[in-house]
Amino acid sequence: MSQEYSTDEEQVEALKRWWRENGKSTVISIVIAISGVLGWQGWQKQQQAEVEAASAVYQNMLTVVESQPMTDEQRATANHLAETLKKDFPSSTYARFAAFYKAKFAVEGKDLDAAETELRWVLASNASAEINVQAKLRLARIQYAKQELDAALTTLQGDTLGYAVAFEELRGDIYNAKGDVSQARLAYQKAIELSQQAENPITNPLLKLKAEQLAGSEGA
């Protein structure tokens, strides 16, 4: 179409010829482009609607959870709402937090196996790195409570992100339960050092007491 034409008639004829050769494919391309835009917009609206729906269910669950002390009926309602989030919005962050609450309820009901199931669901849900670390820490605590000490140590392997102090303290608890006083003391000491190196140092009297008791027992 860049060719020069001497008369308007020649230019019009060239346009007609170009349209006969390319018009159909041009129209198809435009239709596809418009369909793509409309499809993308529709998908975005659907995603936004799902986020809003999940948020509403989660807020309802929090309203029930924040009622203290919770009655058996309220606990059942909270569990139902949490399960709804997991079933209807499994890829949402709300569903992962709902599973955390279900694990908490299970622990309070002394059903550690059910709590472990919820935390493993989170770990298998392709969640963010931070949520995965939280799930690993909680799962290791469940395994420690069940006296599955080697499994708990395995769970604590890998990245710790901002939870290094809690990871090391729990390692100390586990090694102490295994009777490995030396490794327990090292873990507690590392936890203390990490807490002191934090941007906002945190004093943990219980952690310090654990380390001192082990130091005393080794000296004895």
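The values are calculated or read from the model by the stated rules, or taken from the named source; none is laboratory data. Quantities reported herein were computed from a predicted structural model and do not represent experimental measurements. All Cβ positions, even for glycine, are placed from backbone atoms using ideal geometry, and neighbour counts span all protein chains on display. Each accessible area value is taken on the protein alone, full model and side chains, heavy atoms only, with ligands, DNA and RNA left out. Shrake-Rupley method; radii C 1.70, N 1.55, O 1.52, S 1.80 Å.
Which value in nm describes the separation of the simple spin-label points at Ser67 and Ser91, placed 7 Å from the Cα toward the beta carbon?
Label-label distance for Ser67 and Ser91, simple model: 3.4 nm.
Debye calculation, C-alpha points only, no solvent: report log10 I(q)/I(0) for segment 97-187 at q = 0.13, 0.19, 0.20 Å⁻¹, in the same order as the q values.
Log10 I(q)/I(0), no solvent term: -0.41, -0.84, -0.92.
Roughly how much of Tyr144 is accessible, in Å² to the nearest 10, using a 1.4 Å probe?
We get 70 Å² for Tyr144.
What full-extension length gain, to one decimal in nm, is calculated for Ala53 and Val181 as 0.36 nm per residue of separation minus the Cα-Cα distance?
41.0 nm
Shape call for segment 63-122 from the C-alpha gyration tensor, a ≥ b ≥ c root eigenvalues: rounded (a/c under 1.5), prolate (a/b greater than b/c) or oblate?
Note, shape of segment 63-122 comes out oblate.
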